Each structure stands twice: as C-alpha cells, then as structure tokens.
1. Kindly indicate the residue of the range 291-321 that is free of Cβ contacts under 8 Å to residues at least 12 places away in the same chain and among the charged types (D, E, K, R) and also nearest to A260 (Cα to Cα) among those meeting that condition.
2. How many residues, within the range 229-278, are open to solvent by less than 60 Å² (accessible area, probe 1.4 Å), hydroxyl-bearing (S, T, Y) and touching a residue at least 12 places away in the same chain (Cβ under 8 Å)?
3. Among the residues of the range 117-154, how many are closer than 23 Å to A198 by Cα, open to solvent by 20 Å² or more (accessible area, probe 1.4 Å) and part of a strand (DSSP E or B)?
4. Got a number for residues in the range 45-66 being surrounded by fewer than 15 Cβ atoms within 10 Å (Cβ to Cβ), in a loop (DSSP other than H, G, I, E, B) and not basic (K, R)?
5. Tally the residues that are among the hydrophobic types (A, V, I, L, M, F, W, C) and either open to solvent by 30 Å² or more (accessible area, probe 1.4 Å) or out of contact with any helix residue (DSSP H, G or I) (no Cβ under 6 Å at 6 or more places or on another chain) (or both), restricting the search to the range 67-80.
6. Could you tell me whether any residue of the range 159-181 is of a type outside the set (K, R), part of a loop (DSSP other than H, G, I, E, B), open to solvent by 30 Å² or more (accessible area, probe 1.4 Å) and within 29 Å of E298 (Cα to Cα)?
7. For residues in the range 87-105 being over 21 Å from C201 (Cα atoms) and in a loop (DSSP other than H, G, I, E, B), which is most open to solvent (accessible area, probe 1.4 Å)?
8. Quick check on this structure: which one of E33, E108, E14, E84 is among the charged types (D, E, K, R), surrounded by 17 or more Cβ atoms within 10 Å (Cβ to Cβ), without any contact (Cβ under 8 Å) to a residue 60 or more places away in the chain and within 15 Å of I165 (Cα to Cα)?
Amino acid sequence: MPKLSVVVPMHNVEAFADNTLRSLAKNADPEFEFLLVDDCSTDSTPWFLDRWAGRIPGAKVIRHDVNLGIAQARNSGIDAAGGEYVTFLDGDDWYGPGHLAGLVRAMEELGCDFARTDHVQATGTERVVRRPPARLRNAVMDPRDGIAPAAMETMVDYPFVWAGIYRRHLFDDGGMRFATELRTAEDRLWIWRLHLKARSCASLGLHGVFYRRGVATSLTQIKDDRQLDFIPAYDALLRDVQRDPESERFLLKAVRTYCAMIAFHIGKAHEYEPSAAQRLRREARAALRRMPQGPLEETLRTIDRPRSRLLGRLRDGRKAA
C-alpha cells in the first residue's frame, strides 16, 4: 500500500506540463504514487505524459475518452488511489523539491484527518506566500471551528484543495467526491463538506506548492456561463448546512459567503459574455430570494454598504448601481 497518492488532473496544459511533471519526479519516493489524469487533452499534453510516465517512479496515466471536467478528473484519481493519504496538484502548478515528504511527515506527527498548507502564488516572476486563515499553526484543531464566525475570513474561505493532504478514510465508501455537475466552484463546496465531515485538522507552515496565477486557460479566467456554477454550488452548500445538526452555528456564515460571491461576480459582470451576464443577474436575484431571509437580512445589515446596497437592489428587482 502506498503511503501517498498524488492526483494530478491535466487538460490542455502543454505550456506547463513539462515543469509540472518534472516537479513530480523531484518529489518521487518508493512509497508515493502519481495518478496523472489526462482529461481528453487535444494539445500535446498526452505526449508530455507519455514522455514522463516512465521517468517518474510510481506514475500511472489515466485517460478520459471525452472531456469530463476537473471534478471528474479528480474523482477518477481518487477512485484509483491506493495510498494512506491523498493530495492533489493542478496540471499547471508545481512542487518544490521535498514538499510531498514534508506533507507526509507532518501528517504522521499530527495524526489528524487532514491538513491544509501554505502555498506560493506565482504571477510571472513574482512570488507571494498565501496562508490558510487558521487560528493555530502546526496543531490539531476541530474542523468545525474553522467555519464560523460569519464576519471573519476562515478556513472555508481558503478553497485550494491542492494546498492540503487528506487521509484515505475520508474517501471511503464513495465519500468526499467532487460534484461533477459543477464546472467551476466545485472546490468551494468540497472544502465546506470536508470541514463538516472530518473530525480533526491542522494548518501547516510549508511553502512547497506553487500556484500559477493568471493562466489564460485557467477556469478562473473564463468569461462564459461556466462561472455561474457558483450558484448551484452554494445552493448545495446551503442545503448541507440546513440539514446539519449545528445548522444555526454555520448558516449565517454560509449565507454571507454566498452573498459575497454574488457581489463579486455582479461586480465584474461587464467582463462576461452578454448572455452570461444577463443570466448571472437573473439567477443571482432568484438565489437571493430563495435564501433563508433571516440570515440574509442580517448579512445585508452587517456587510459593507456598497455590497449591501447592490445585493438589496438586486433582490428587490431594482437596478443595481
């Protein structure tokens, strides 16, 4: 049984594949396996995978015959994983040497269900360290304590699933799979579900995973209606929270975060394709109207005035300033 399974979904990342795969080779260990999921790439990504597969000990290429999206690509890797621990890396990002060994070592020492870690945001030649907003570092915590309070940035606001490591038992019996109906925002829903399900976690001060920001092919850069999948993602989140025994503890945070996402997307609606922008305004208004109105009113009362006015006007059907 491998100690660690590394799931790497890849789709049309030919410009970065060589760097990503080389970083895996530099992290190879006899106890690690690398599950390289080619989500039906149409560029030279498959060539890079074939070139590197024999050079990375423990590497296995999994191919999709049709493009299924990052959620299913991650799920395919999870289903094939045999490790005691599972982690993820996106196909355009990379590891520093020794990062994976450090992750495993920290998990062995702490004994928790999962750990989140710092990451290095790479924009061109600029490097900035981003940290999980945890109350404690390198110590075991209750994941539910990482959700609330509503007005603070908390661990569920750090949605980078690749900045972490997770015990295999969280995925047993089909658990903790990514929602394949979501083309974007699947990571945000997954992180909330992780904090609701797991019993222990930690925040690690490791700086070995590098996130390449601003890539033109990244889903964060698209301008079509795929961006709108944050709406069904947060609808699902609200349903999960409302069914939870501690619903009252977390509902205000869920509603406030949903509202922040709506305000963010409305604020850049002018950048979207016209049909996507129209659909965004229509579906965001409907989302505000079906939210639990008590927590929504509390959110509108306590957030900053510009977002409160924007969301209030949108809900009431008035033109947002």
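1. D304
2. 4
3. Residues meeting the conditions: 1.
4. Qualifying residue count for the region: 4.
5. Summing the residues that are among the hydrophobic types (A, V, I, L, M, F, W, C) and either open to solvent by 30 Å² or more (accessible area, probe 1.4 Å) or out of contact with any helix residue (DSSP H, G or I) (no Cβ under 6 Å at 6 or more places or on another chain) (or both) in the range 67-80 gives 4.
6. yes
7. The extreme case among them is P97.
8. Checking each option against the conditions leaves just E33.
The values are calculated or read from the model by the stated rules, or taken from the named source; none is laboratory data. All values reported here derive from a predicted model rather than from experimental measurement. All Cβ positions, even for glycine, are placed from backbone atoms using ideal geometry, and neighbour counts span all protein chains on display. Keep in mind that these areas ignore ligands, DNA and RNA; they rest on the heavy atoms of the full protein, side chains included. Shrake-Rupley method; radii C 1.70, N 1.55, O 1.52, S 1.80 Å.
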